[in-house]
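The values are calculated or read from the model by the stated rules, or taken from the named source; none is laboratory data. Because the structure is a prediction, the values reported are computed rather than measured. Cβ atoms come from the backbone with ideal geometry, glycine included; neighbour counts cover every protein chain shown. Heads up: the accessible areas ignore ligands, DNA and RNA and are worked out on the full protein's heavy atoms, side chains in. Shrake-Rupley method; radii C 1.70, N 1.55, O 1.52, S 1.80 Å.
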Amino acid sequence: MIHLPELPRIALAHLPTPLEAMDRLRKAMDARPRLFVKRDDCTGLAFGGNKTRKLEFAMADAAAKGAKVIITSGGAQSNHVRQTAAAAAKLGLVFHAVLSDPFLGTNYRPQARYHQTGNPLLDRLLGGMLYHASDDGGATDALISELTKNAQAAGVTPYVVPLGVSDGIGGFGYAHMAAELLAQCKAQGVSPSHIVLATGSAGTHGGLLVGLRACGADIDVIGVSVSEPAEAKRIKVRNIIDQMAGIWGATAPAVSDRDIVVTDAYVGAGYAIPSAEGQAAINYLARTEGLLLDPVYTGKAMAGFLDLVQNGPLAEGRDVVFVHTGGAPALFAYPETMTASGGGE
């Protein structure tokens, strides 16, 4: 049994999310291990996704500090911003988000509606006030600082939610998810040798590892980087784990550097730029399992999952679990990545 620190928490997610067998995918691939998906796209808050679990802890921390204004940042099609906007709306808080263009400095040019549909459309519908930064570094930080000072000057307490809700507090959302997943595995007769997930801001990956080790589960976790070299991601995961240990205290579970496994073989041309392998995975899963992935995160992670099942360490695994972290609203911003339907209209 996992014993987690008693951190404040506000219920926002529909839990537990399902653990489903992907039997048609397994048959189509002629895969040896059984294949499962943990449906964290079904957390329920504004189309769901992995950030909702983390926001249960971040929003409770904000409430404890008397915050009335929530400020955060993300890419133009940020799933994190969408879910944070929904959490703020649900709790009656003012919400500001700084959005950056992920394609600056690249040759990729999205379709014109990229900035109007998908997640930004939902951000506005949820009452979010959106600001656009010229880059994802200094300009974003400057805008967040300005919004924070403006709130303070108005006599209102602001709370800045980190990118992806990825810090020691948010990580506990996935420590709890680890216990939930293990309970489902036990009930369904599933014995995972590996868990695969997209690794971005690293809070999901780090929190999951901490939770598994706290439960005594020696399951390999493989993060598929969606944006950076593997070593940069490993450093981010390590930082989340260390932050969680600082909150947890002396009884925090040990997570070794060897436990932090990341591959950057499926990033493609860069963050938010669709890859051919990711596009193929999106179409394949839609037509074998009725499962909707996205071009930024889960499509690339699933490309890795499929390759690792066919050609990598998962080929000799027992049961393997893919963590679906959500992101389907971004599909509407990337219509060019979808192949034509095989049937009539």
Using amide H atoms built 1.01 Å from N in the peptide plane, name the residues 5+ places from H132, or on other chains, whose amide H lies under 5 Å from its own. L99
Return the sequence-ordered ³J(HN,Hα) values of segment 75-82 in whole Hz as given by the Karplus equation 6.51 cos²θ - 1.76 cosθ + 1.60 applied to θ = phi - 60°, using x for Gly and Pro. x, 4, 10, 5, 5, 4, 4, 4
The answer for A76, listing residues at least 5 apart or on another chain whose modeled amide H is closer than 5 Å to its amide H, is S100
For Cα pairs less than 8 Å apart in space and 6+ apart in sequence, what is the mean separation divided by the residue count of the chain, i.e. the relative contact order in percent? 22
Give the ranking of E146, E56, E6 by solvent-accessible surface, highest area first, calculated with a 1.4 Å probe. E6, E146, E56
List the residues, sorted by chain then number, that are 5 or more residues from V226 or on another chain and whose placed amide H is less than 5 Å from its amide H. T199
Separation of the R32 and A315 label points, Cα + 7 Å toward Cβ, nm: 0.8
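Determine, for each peptide in 197-205, 255-263, 43-51, the mean count of other beta carbons within 10 angstrom over its residues, then list the peptides with the highest first.
My ranking of the peptides, most packed first, is 197-205, 43-51, 255-263.
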Considering the zone a paramagnetic label at N239 would reach in this model (a point 7 Å from Cα along the Cα-to-Cβ line), which residues of segment 115-138 have amide N under 20 Å from it? 135-138
May I ask you to list the lysines whose Cα is less than 20 Å away from that of K65, ignoring any residue fewer than eight positions away on the same chain? K54, K90, K149
Quick one: net charge of V165's neighbours, Cβ under 11 Å, K/R +1, D/E -1? 0
First measure r as the distance between the Cβ atoms of T106 and A187, then evaluate 1/(1 + (r/R0)^6) with R0 = 41 Å and state the FRET efficiency to the nearest 0.05. 0.35
Note the full-extension length gain between A286 and A142 as 0.36 nm times their separation in residues minus their Cα-Cα distance, in nm to one decimal. 47.8 nm
Phi angles of segment 15-20, converted by Karplus (6.51 cos²θ - 1.76 cosθ + 1.60, θ = phi - 60°) into ³J(HN,Hα) in whole Hz with x for Gly and Pro, give 10, x, 7, x, 10, 10
Can you list the HN-Hα couplings for segment 228-245, worked out from phi with the Karplus curve (6.51, -1.76, 1.60; θ = phi - 60°), rounded to whole Hz and with x for Gly and Pro? 9, x, 4, 5, 4, 5, 4, 5, 5, 4, 4, 5, 4, 4, 5, 4, 4, 5
Ranked highest first by average number of other Cβ atoms within 10 Å, how do 121-127, 295-301, 103-109, 224-230 line up? 295-301, 224-230, 121-127, 103-109
